[in-house]
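Nothing in this text is a laboratory measurement; each read-out follows from the coordinates by a stated rule. For clarity, every value in this text was computed on a predicted model and none was experimentally measured. Positions of Cβ are generated from backbone atoms using ideal geometry, with glycine treated the same way; all protein chains shown enter the neighbour counts.
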Amino acid sequence: MSTTTVETSAPVPQQSVADTPRRRARGRGRRGPLATLASHVLLITASLVAFFPVGWLFFLSLGPDKDDYLHPGHIWHTMTLDNYSFVLQHTSFFDWLKSTLVVVAGTTVIGVMIAATTGYAVSRMRFPGYKKFMWMLLLTQMFPIAVLIVPMYQIMSDLGLIDTYLGLILINSTTIVPYCAWLLKGYFDTIPFEIDEAGRVDGLSPFGTFVRLILPLARPGLAVAAFYAFLTAFGEVAFASTFMLSDDKYTFAVGLQSFISEHDAQRNLMAATAVLIAIPVSVFFYLVQKNLVTGLTAGGTKG
Amino acid sequence: MTVAIDRATGKRHGDRAPRPGLGRRIKNAYQRHWYAYAMITPVAVVLGVLVLYPLVYGLYLTLTDANSLNTARTIGVNHIDATYKFVGLDNYKDILFGPTAYDRFWSHFVWTIVWTALCVTLHYTIGLGLALLLNQKFRGQTFYRLVLVLPWAVPTFVTVFGWRFMLADSGVINTALHALHLPTPQWLEDTFWQRAAAIMVNTWCGVPFMMLSLLGGLQAIDASLYEAAEMDGASAWQRFRYVTLPGLRSVSSTVVLLGIIWTFNQFAIIFLLFGDTAPDAQILVTWAYRLGFGQQPRDFAQSAAYGILLLAILIVFTSFYRRWLNRNEQQLAI
């Protein structure tokens, strides 16, 4: 590589020689003022695009009339927090909050617990059927919801689990467990298995090794899995829309849709609810964001 | 028992010994691996009950003519037994080759492919561009990163409604376009613009993940490689082409695969953006959902058949992708 570049760039030495001193003086990784300006302009544009829809939703939530989104100019004079107090006092907001919390917490706890044992088993042991099992975990992750939703609906209605929290928790787990198991396997792989051996030599049972040595060491990995489960379960739309039928059991994802029906569209209330939902989740997301990204990409890298 | 931990070599001990009888082998395997099996039992049970059983059951449904009028149901105190019957592969035949198969399946199929290809290309190029910009050292970098992640931080089901307000006929986007004397398309009514709107919203939602993953990949590239390239007189483009892109390869192959699967399966955006109003802008996933739950009578059998077809497409695609990666000697990071 290097030799060819030298040869090909040889015919044009003047340019690069003229360039070199300036670039050297500037140092690596630094650009001229023009390039910096260009990056700032691009980044500011991108930031505006990223921010605008969210900011707009917030702005609309301050307008008192449900058609204010068509003439946003009005909102400046009539700005009010009435929508928020109305949502908090006269809608099922707190019912939805409760259902969302129950479903999300249930999914996170059950999903991560099951995924941790599985992840450990596949990280530490090679057993007959290992490859098939991993392949199945991988496959399950890419199931489109359309594959399971119909048979699930039939099974759940046979079992009487439609419109129950347990039903939704179990269904959410199907999407979360396989992914978390992969993620945690990646994390367990980074814990040297000399630690397991030391535990065994010191007389711990295999299960004791897992619970008392590995789980505490894997806390960051478990946290990432839990964040992932939390955010996925929170944002789940399809299953919740299909399986939750009564208004007081709606999760936020379903409840928010209920503001717009065929007959009425309370867009101002919807915007206010959306903001109320978005703020805590986004704050949480920002707190865990860094771990999440490393977990999502690097966490699973040990195929 | 102790042999179970033998991950370094991946070999099972005792393979070289003369083969004992079947009973002995089962007993040995049991003694050696009972613990591993015990550990995966919960997940095997859960996946078996929650995934495999529904999958098999779904496969069975696709071979029947089940819909909401002939499946078992309870109305008040009366329980009505299922009366649907076995029809073999008729559902698949009807979906793929039946009359109006083009309108029902193939047009959605083509649109799904276009949708996936366009969205992932946009996600990746915009994400990479922003990651490169963010990877420089300058003031305000953290601030930009925090703002740019916002579309990912706010749940999709919330932001889609923000977009719906903006894209409405006389919403803010059309008002702005009108003020600039540009045409004001009917984003939520006209098929072409519905599709454009869907791609736009999905791109907006999907870029941050790509950006952050690629930024992580960029930061992991050894800085001395750039120094060496610069010493050798490589131009900025050459550094990008021969240092940055190869350095990103393993991250890229993972996020592109994830992106393709997620976009192909994307449900929430199209479902929430259009509701029941856009039959032609539905991708296969949302179309299958609509058949099974968005119409009366609900056509469970066809919906399930769509699901199986979708899964088949994804499996074929993934195995080709893996093979292609293997040929290029890359390890897929999943």
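Tabulated data
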{"read-out": "Solvent-free Debye scattering, log10 I(q)/I(0), computed from the Cα coordinates of the stretch A:91-258 at q = 0.09, 0.10, 0.19 Å⁻¹", "value": "-0.37, -0.44, -1.14"}
{"read-out": "For residues of B:166-176, the mean tally of beta carbons on other chains within 10 Å", "value": "3"}
{"read-out": "The stretch B:166-236: relative contact order in percent, alpha carbon pairs under 8 Å with at least 6 residues between", "value": "16"}
{"read-out": "For B:Thr64, residues with placed amide H under 5 Å, excluding near neighbours", "value": "B:Val87"}
{"read-out": "J(HN,Hα) series, the stretch A:40-45, from Karplus relation 6.51 cos²θ - 1.76 cosθ + 1.60, nearest Hz, glycine and proline x", "value": "4, 4, 4, 5, 5, 4"}
{"read-out": "Sorted by Cβ neighbour density within 10 Å, fewest at the top, the residues B:Trp237, B:Trp187, B:Trp111", "value": "B:Trp237, B:Trp111, B:Trp187"}
{"read-out": "For residues of A:41-52, the mean tally of beta carbons on other chains within 10 Å", "value": "6"}
{"read-out": "Cα centroid separation - the stretch B:267-334 against the stretch A:209-223, whole Å", "value": "36"}
{"read-out": "Of B:Thr263, B:Thr125, B:Thr62, the one that fluctuates the most in a GNM where chain B has Cα springs shorter than 10 Å", "value": "B:Thr125"}
{"read-out": "Per-residue ³J(HN,Hα) for the stretch B:282-290, Karplus 6.51 cos²θ - 1.76 cosθ + 1.60, θ = phi - 60°, Hz, x for Gly and Pro", "value": "7, 7, 4, 5, 5, 5, 4, 4, 4"}
{"read-out": "Net charge of neighbours whose Cβ lies under 15 Å from the Cβ of A:Met79, counting Lys and Arg as +1 and Asp and Glu as -1", "value": "-3"}
{"read-out": "Dipole of the protein assembly as shown [Lys/Arg +1, Asp/Glu -1 at C-beta], most positive-end residue of B:Leu134, B:Leu188, A:Val147", "value": "B:Leu134"}
{"read-out": "Choice from B:Tyr306, B:Tyr60, B:Tyr289 with maximal GNM fluctuation in chain B (Cα, 10 Å cutoff)", "value": "B:Tyr60"}
{"read-out": "Fraction of alpha-carbon pairs over 43 Å apart in the protein assembly as shown - percent", "value": "30"}
{"read-out": "FRET E, pair B:Glu189, A:Leu88, Förster distance 35 Å, beta-carbon r, rounded to 0.05", "value": "0.50"}
{"read-out": "Hz values of 3J(HN,Hα) by residue in the stretch A:109-115 - Karplus curve (6.51, -1.76, 1.60), Gly and Pro given as x", "value": "5, 4, x, 5, 4, 5, 5"}
{"read-out": "Theoretical FRET efficiency, 1/(1+(r/R0)^6), r = Cβ-Cβ of A:Thr36 and A:Ala105, R0 41 Å, to 0.05", "value": "0.30"}
{"read-out": "Coordinate range along principal axes, alpha carbons of chain B, Å, largest first", "value": "71, 62, 37"}
{"read-out": "Neighbour-count ranking [beta-carbon atoms within 10 angstrom, fewest first] of A:Phe230, B:Phe293, B:Phe161", "value": "B:Phe293, A:Phe230, B:Phe161"}
{"read-out": "Number of partner chain Cβ atoms within 10 Å, mean per residue of B:201-212", "value": "2"}
{"read-out": "Alpha-carbon centroid distance for the pair the stretch B:216-262 / the stretch B:97-170, whole angstrom", "value": "23"}
{"read-out": "Overall form of chain A per C-alpha gyration tensor (a/c, 1.5; a/b vs b/c)", "value": "oblate"}
{"read-out": "Residue-averaged [θ]222 nm for the protein assembly as shown, counting only DSSP H segments that reach four residues, each worth -39500 (n - 2.57)", "value": "-21500 deg cm²/dmol"}
{"read-out": "Burial ordering of A:Phe252, A:Phe207, A:Phe234, B:Phe86, fewest other beta-carbon atoms within 10 Å first", "value": "B:Phe86, A:Phe207, A:Phe234, A:Phe252"}
{"read-out": "Relative contact order of the stretch B:92-327, defined on C-alpha pairs under 8 angstrom at six or more residues apart (%)", "value": "26"}
{"read-out": "Positive minus negative residues near B:Ala197 (Lys, Arg vs Asp, Glu; Cβ under 15 Å)", "value": "-2"}
{"read-out": "Net charge, B:Val158 excluded, C-beta distance under 14 Å - Lys, Arg +1, Asp, Glu -1", "value": "+1"}
{"read-out": "Dipole of chain B, positive end: most advanced residue of B:Phe209, B:Gln219, B:Tyr124 [Cβ charges, Cα centre]", "value": "B:Gln219"}
{"read-out": "Length-normalised contact order of the stretch B:224-334 in % [C-alpha pairs under 8 Å, at least 6 apart]", "value": "24"}
